[in-house]
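The values are calculated or read from the model by the stated rules, or taken from the named source; none is laboratory data. This one's a predicted model, so the numbers in the text were calculated from it and none came from an experiment. Cβ coordinates were reconstructed from backbone atoms using ideal geometry, including for glycine residues, and neighbour counts include every protein chain displayed.
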Amino acid sequence: MKRDKIKLKSILINLFTTVLVIVEVYPIFWMVTASLKQPAEFVNKPAYALNDGFYIKNYIDAWTRGNMATFFKNSLINTLAALIFIVFFSVTVGFAVTKMDWKYKDKVAKYFGIGIMVPIATALIPLFQIYNKLNLINTRTSLILAYIAFGLSLSIYLITGFLRSLPDEILEAAVVDGCGIYKLMWNVVVPLMKNAIVTVLVLQFFFKWNDLLFSMTFINDTKLKTIQTGLLYFQDEFGSKNWGAIFASVSMSVIPMLILYMILNKAVIEGMTAGAVKG
């Protein structure tokens, strides 16, 4: 009887997992297949029907006529520039508030922790006024600064969670061997927290790559629009919707994130759970 209950439970779990995977994967599959349909197929066939072939011209139109090349480049530049500063500051601040002994470290840690609770929407008007006075509207700098500011709190939280689980004995042994504070951080601590850094990179890449609110607020110039705002204004030269090219554009914005997560999935999971147990 007990074995039958265990078997039934296992079947139900597997069934639930299968349904969940289908629910998650099918929209991506439908999006990719729709991006390869010819224009006539959107009119003559139901939306759930598979495409007759591989109409690659949708991707060519999206990349050239739809300015996806420009939007893609802008998103990549803004995201990578922000990630460099986010990782640098989160590692240094996280190390300072967990492994260094100084007067205000607890207050600094709480200050950045409060940042997680600040809604982004509440900062839009003040930020816009500040950027307008500094002539930063319609510049990449406006987005990069906003990305860094709103990415630091969560990143520092993840980094400090890992560092608190890192045994102090490792650092003490390095200091005994003559390791200075800077060498201790970059040559000892940083290599040990590789998974935590990868987690920060992947999470923040998703957030910044998918940003719509900041880019719509601070960027009006088409040449500086990011991939998400570019999708909102995607129309062909006649003003009608080219659904094949639209789905191709969405696919090009989603697929890089999926590839990145699949490659770094193991490191992300390890980084997210690293601080769960005190070392």
Query raised in the report: Do any helices (runs of 4 or more DSSP H) entirely within segment 1-117 hold 3 or more residues that are farther than 26 Å from PHE205 by Cβ, in the same structural domain as ARG164 (by TED's automatic domain parsing) and at pLDDT 85 or above, and if so, which?
Result: 105-114
Report summary line: With the first residue restricted to segment 7-32 and required to be under 30 Å from VAL250 (Cα atoms), and the second required to be of a type in the set (Ser, Thr, Tyr) and part of a helix (DSSP H, G or I), Cβ contacts under 9 Å at 6 or more apart or on different chains are ILE28/SER251; MET31/SER251; VAL32/SER251
Report task. Determine, yes or no, whether ILE170 is in a helix (DSSP H, G or I), over 18 Å from the mean Cα position of the chain (by Cα) and modelled with pLDDT of 80 or more. Result -> yes
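Taking the stated definitions as given, is ASN195 among the polar types (S, T, N, Q), out of contact with any helix residue (DSSP H, G or I) (no Cβ under 6 Å at 6 or more places or on another chain) and in contact (Cβ under 8 Å) with a residue 60 or more places away in the chain?
On the way: among the polar types (S, T, N, Q): yes; out of contact with any helix residue (DSSP H, G or I) (no Cβ under 6 Å at 6 or more places or on another chain): no; in contact (Cβ under 8 Å) with a residue 60 or more places away in the chain: yes.
So ASN195 does not fit the description; no.
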Query raised in the report: Quick check: is even one residue across segment 121-139 within 28 Å of ILE269 (Cα to Cα), assigned by TED's automatic domain parsing to the domain that holds ASN265 and hydrophobic (A, V, I, L, M, F, W, C)?
Result: no
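Residues checked against (1) assigned by TED's automatic domain parsing to the domain that holds PHE89; (2) over 30 Å from PHE71 (Cβ atoms); (3) loosely packed, with under 14 Cβ neighbours inside 10 Å:
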site: PHE150; (1), (2), (3): yes, no, no
site: ILE181; (1), (2), (3): yes, yes, yes
site: VAL189; (1), (2), (3): yes, yes, no
site: ALA196; (1), (2), (3): yes, yes, no
site: PHE205; (1), (2), (3): yes, no, no
site: ASP211; (1), (2), (3): yes, no, no
site: ASN220; (1), (2), (3): yes, no, yes
site: GLN228; (1), (2), (3): yes, no, no
site: GLY244; (1), (2), (3): yes, no, no
